[in-house]
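Notes for the one structure printed next.
The values are calculated or read from the model by the stated rules, or taken from the named source; none is laboratory data. Please read these numbers as outputs of a predicted model, since none were measured by experiment. Positions of Cβ are backbone-derived with ideal geometry, glycine not excepted, and every protein chain shown enters the neighbour counts.
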Amino acid sequence: MDWREYDSATCSIARTMTVLGEPWTVLVLRDVLNGVSRFDALVDHLGIARNVLTRRLHALVEAGFVATREYREPGRRTRLEYRPTATGYELRPVLLALMAFGDRHRAGPEGPPAVPVHDCGAPVHLREVCEDGHVLAPTDRVRVEPGPGAIRRG
C-alpha cells in the first residue's frame, strides 16, 4: 500500500505537532526539561511574552507533557511551578536530535553552544538502532509501513 493513500492527519507526528508545532512550545519544553520550573524564570530566560508562555504551558500541561505543583514564597501568593512528566521526559530524545542537527548544520563558527552530558560525565549521542541491534547509517533506507491505526484517505 502506498503511503500517500493514508490519511496524514492520523500520523503520530502530526498528532504530536498539534502541541509542539506552536511557536515557542519546544523551547518552553526544553527549558522545563533543563530545570527552569517557574513562570518568571521561563519569561526571563526565553524572552517570551507572558500571555504566550501562559498558553504554551497550558497546552503542555493539557497534553500531559508537563505537570504543575504549587509553591509559595514568604509574603507572596501561591504560584505554580512546572515539571516534566514521564511523557515529557520521553520527548528528550526528540530535543536531543534537534540539538544534534542544529550543532551539525546551524552552529556558529565557534561550535555548539551546549553539549549534553550524562551524569557519568560522558557526552550523550543519539543512535538509530533497529530492534535487531543494527545501527543505522544516515543513508540507510527506512521504510514506513501502515500500522494498525492507519486510515485510508477517502
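Taking the criterion of being of a type in the set (Ser, Thr, Tyr), in contact (Cβ under 8 Å) with a residue 12 or more places away in the chain and farther than 17 Å from residue 24 by Cβ, would at least one residue in the stretch 72-81 satisfy it? Don't jump to the end; show me each part of the working.
To start, the set of residues in the stretch 72-81 that are of a type in the set (Ser, Thr, Tyr) comprises 78.
Next, only the ones that are in contact (Cβ under 8 Å) with a residue 12 or more places away in the chain stay: none.
So far as the stretch 72-81 goes, no, none of its residues is of a type in the set (Ser, Thr, Tyr), in contact (Cβ under 8 Å) with a residue 12 or more places away in the chain and farther than 17 Å from residue 24 by Cβ.
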Taking only pairs six or more apart or across chains, which ones have beta-carbon atoms under 6 Å, a first residue in the stretch 84-100 that is more than 16 Å from residue 64 (Cα to Cα), and a second residue that is in a helix (DSSP H, G or I) and at pLDDT 95 or above? 95/30
In the stretch 47-105, which residues are surrounded by 12 or more Cβ atoms within 10 Å (Cβ to Cβ), part of a loop (DSSP other than H, G, I, E, B) and of a type in the set (Gly, Ala, Ser)? 63, 64
Can you tell me which residues in the stretch 10-46 are crowded, with 16+ Cβ neighbours inside 10 Å and of a type in the set (S, T, N, Q)? 25, 37
